[in-house]
Each structure stands twice: as structure tokens, then as C-alpha cells.
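Colleague: Before we start, here is the structure in question, set down as C-alpha cells.
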Amino acid sequence: MVLFSVILPIFAVIGLGFMCQYRRWFTQSAVADFNRFVYYIAVPPLLFMAMATTPIESLTQARYLVAYLGATLFIWIGLFFLLKPFFKAFEARFLLGLGATFSNSVYLGIPLVQTALGTQATQAVVMIALATNVLFVGGSAVILSARQQSNVRGAAVEVLKNPMIGAIVLGLSASALKLPLPMGLERLLELLAQAASPVALFALGLTLGGVNAQTAQVSGADQESWSWSGVLVTFKILIHPLAVWLACLAVGARAGETQVAVLVAALPAGALAHLLAQRFGAQSLTVARGVMLGTALSLLTLSALLSSAMFAQL
């Protein structure tokens, strides 16, 4: 029942975007425009509203966030050293670790959590999205730029200029100061926030369709690339959620927040992991295929997770 009522509609929108790009109904510039709309226009109001309506006191008890970040770092660091016999380059092991731990928490996580667990649960997934985007994606850009002696300062500034981070900071400020929003502004933000989930899912499908077209043109070491992509997917959608669940138990996280943390950990890798791998020239094909394969398989694994009696009792 969960498959048809929750998972299939979400993945159907992703599939629609994928097919549109597969059929080349949209140009690459149009795909970029869709992603810009999501990134700059639709998602920031959603994040702002989620934070502005969250009592600031509840955020100081975010044990689930500590558990999520701790378990994620544990897997990432462990995989970094496990891969050393196979990949000598620091960048390759670093980015493969990111591809095995960075969840698609914004484009896929927010719509899924909203649908499966309700609007209130959005606040927890937003906090995870903020922390992972700043610490993992932003931190990765700074670290890898430093190793390549490129523009470290510019990478750090780009992280701080992220509109999603700005929206969350403003939302937290509004919550802390208990600032009422003018009715017209609140309605405008709500309308834009309502567009975030469907457009983000469609844009994700367009992006995956573009990644598929790129990887289809690559030859050589093909089988090895698919094999390592399978390893990344195994860690991402099976081992990662298990580790987060155990960490939540260890810190005594609350039941509803544990559900959110485990569900976000069970998501496939986000396309940002592929973009970073592409930017720094290491394992971009393997990470890209991991994103695609994980997204396809998560249709089944997420359905199984949400249907399980154990998940309901977390």
C-alpha cells in the first residue's frame, strides 16, 4: 500500500522528468533553468517556512542530528581507508565516500518525508539538509580546492552565499524573535513552497536523464565502474540507514526524529556528489552511475522500509 500511495507518485514525477530528457524534449539550458528555479526560487521559501514555524527550543534537542552526522562520518572515513588498496589518489577515495553517504535530502528527501510522515517532520529533514550541505558538500569543496591549491576562499564564499543556507538562517531568526509575517508575504512564500516539491522532483529526473546521456557515451573500464557504483549504492541505501538507526539508539533520539533520520539516510545519493566529482576530476562516472542506480533501486528499498513494522516502531 505504501508503494502506491507514497513512493510511486514521487518516483513517477522523477521518471517523467527522466523520460522528457531521454526524449530530448528539453535543451540543456532548459534543464539548468529548472534547477535554478528550484535552487533559488522554490526551495528557499520552503526551508524558511519550515524553520520559521519551528519553536527554537526544539532545535536545541536535536540528538537525531548528532547521530546522523556521526554515523555518516563514521561510514565515510571507514570507506576512505577501506578503498586505499584500490584507489591511491586522495580525491578518488574522498569523493567515492561522499557518493556513498550524501543523501538527496532536498530534491527527494523533503517531498518524501512530507508525504510519508507529515509536514511537521519537514523541520527535521531540513536541519539534516542544512548540516550535510554545509559540512559535507561545502566542506568537500573547500578541502579539495585546498589540495589542488585552487580558489579556497572562493569556495568558502560560495558555501556562505548558498540561498538555502540563507533561507534557513532567516527562518531560524524569525522563529527565535517570534516575528509575525505579513499575510501577503506569508501567502507568497506558501505558494512558492508548494511548487518546490513537484518541480524539484521533475528537475531531478531531468538531471538524471542528462547524467544517463553522458555516461552512455563513455567507454573503457565500463564493467569496473559499474561494480564500484554497486558498492556505493550498497553502502548508501543499506548500510548508511542501519548505521544511523544504531547511532540514534545510542544517543536516545526521539522516535519521530529517528524515523526521519533513518529515512533520509536510506535515500539515494544526491546529484551534488556527482557534480563535485566532475568538478574535481575524480571518479565522476562511478559516482554518476551510483546516483542513477541508487535512485532506481530506492523505489523498492524505500517502499520496504516504510512498510516494515520495525520502521513504524522506531
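The values are calculated or read from the model by the stated rules, or taken from the named source; none is laboratory data. The structure presented is a predicted model; accordingly, all values stated were derived computationally and were not measured. For neighbour counting, all protein chains shown are included, and Cβ atoms are generated from backbone atoms with ideal geometry for every residue, glycine included.
Colleague: Taking the condition at pLDDT below 85, surrounded by 20 or more Cβ atoms within 10 Å (Cβ to Cβ) and farther than 20 Å from Q278 by Cβ, does F11 pass?
Modeller: On the way: at pLDDT below 85: yes; surrounded by 20 or more Cβ atoms within 10 Å (Cβ to Cβ): yes; farther than 20 Å from Q278 by Cβ: yes.
Yes, satisfied.
Colleague: Can you give me the ranges of the helices (runs of 4 or more DSSP H) entirely in region 11-123 with at least 3 residues that are more than 26 Å from T234 (Cβ to Cβ)?
Modeller: Working: elements: 28-36, 43-52, 56-59, 63-82, 90-99, 110-117.
Qualifying helices (runs of 4 or more DSSP H): 28-36, 43-52, 56-59.
Colleague: Which numbered condition trips up M164, out of (1) of a type in the set (A, V, I, L, M); (2) closer than 26 Å to V13 by Cβ; (3) at pLDDT 80 or above?
Modeller: Looking at each condition in turn, M164 falls short on (3).
Colleague: List pairs: first residue in region 239-255 and in a helix (DSSP H, G or I), second residue modelled with pLDDT of 95 or more and among the aromatic types (F, W, Y) anywhere in the structure, Cβ distance under 9 angstrom, at least six positions apart or on different chains.
Modeller: Close Cβ pairs (under 9 Å, with a partner that is modelled with pLDDT of 95 or more and among the aromatic types (F, W, Y)) amount to A243/F74; V244/Y68; A247/Y68; A247/F74; C248/Y68.
Colleague: Answer yes or no: is there a residue in region 159-173 that is surrounded by 14 or more Cβ atoms within 10 Å (Cβ to Cβ), in contact (Cβ under 8 Å) with a residue 24 or more places away in the chain, part of a loop (DSSP other than H, G, I, E, B) and not charged (D, E, K, R).
Modeller: Yes, some residue in region 159-173 is surrounded by 14 or more Cβ atoms within 10 Å (Cβ to Cβ), in contact (Cβ under 8 Å) with a residue 24 or more places away in the chain, part of a loop (DSSP other than H, G, I, E, B) and not charged (D, E, K, R).
Colleague: Just to be sure before I move on: is L204 under 30 Å from T295 (Cβ atoms), in contact with a helix residue (DSSP H, G or I) (Cβ under 8 Å, 6 or more places away or on another chain), modelled with pLDDT of 85 or more and surrounded by 14 or more Cβ atoms within 10 Å (Cβ to Cβ) in the structure I sent? Give the derivation first.
Modeller: Details: under 30 Å from T295 (Cβ atoms): yes; in contact with a helix residue (DSSP H, G or I) (Cβ under 8 Å, 6 or more places away or on another chain): yes; modelled with pLDDT of 85 or more: no; surrounded by 14 or more Cβ atoms within 10 Å (Cβ to Cβ): yes.
Criteria not met by L204.
Colleague: Right, here's the next one. Taking region 75-125 only, how many residues are aliphatic (A, V, I, L, M) and surrounded by fewer than 18 Cβ atoms within 10 Å (Cβ to Cβ)?
Modeller: Step one: filter region 75-125 for residues aliphatic (A, V, I, L, M), giving 75, 77, 79, 82-83, 89, 92, 95-96, 98, 100, 106, 108, 110, 112-113, 116-117, 121, 124-125.
This time we only want the ones that are surrounded by fewer than 18 Cβ atoms within 10 Å (Cβ to Cβ), so: 77, 82, 89.
Residues that pass the stated criteria total 3.
Colleague: Restricting attention to region 262-314, report how many residues are in a helix (DSSP H, G or I), in contact with a Leu (Cβ under 8 Å, 6 or more places away or on another chain), among the aliphatic types (A, V, I, L, M) and farther than 22 Å from A12 by Cα.
Modeller: Selection size over region 262-314: 5.
Colleague: Which one of these is in a helix (DSSP H, G or I), surrounded by fewer than 23 Cβ atoms within 10 Å (Cβ to Cβ) and of a type in the set (V, I, T): I128, I143? Spell out how you get there, then give the answer.
Modeller: On the way: I128 fails: surrounded by fewer than 23 Cβ atoms within 10 Å (Cβ to Cβ).
Only one candidate passes the filter, namely I143.
Colleague: A further question on this structure: Exactly one of these conditions fails for A282: (1) hydrophobic (A, V, I, L, M, F, W, C); (2) touching a helix residue (DSSP H, G or I) at 6+ places or on another chain (Cβ under 6 Å); (3) within 26 Å of A200 (Cα to Cα). Give me its number.
Modeller: The one condition A282 does not meet is (3).
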